[in-house]
1. For segment 2-69, what does the relative contact order come out to in percent, with C-alpha contacts under 8 Å and a separation of six or more?
2. Just subtract the alpha-carbon distance of ARG55 and ILE12 from 0.36 nm times their residue separation and send over the number in nm, one decimal.
Amino acid sequence: MKENKTLQKTKIHLTPRELEVLKHLAQGLTNKEIAFQMNKSVSTVKQHISGMMLRLDVHTRTGIVIKAQK
């Protein structure tokens, strides 16, 4: 997965679930759509997104995707 290689270069490690959320974010899905695709609750998806924001030092969902692609 391209995102995983990029994140490895920056020494930021995401869990397999976070990588799955990232893939769906990059596709432009909403939290509800991501939750449906992953068979998880919307709350769980939000927790994954919040965790990624903290580790990637960004403040938006778009920021997560942009940082992962750099």
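Values quoted throughout were computed directly from the atomic coordinates according to the rules given, and no laboratory measurement underlies them. Remember, it's a predicted structure, so these values are computed and weren't measured experimentally.
1. Values: 51 pairs, mean separation 25.4, N = 68.
Result for segment 2-69 is 37 percent.
2. On the way: separation 43, 0.36 × 43 = 15.48 nm, distance 0.72 nm.
My answer for the length gained is 14.8 nm.
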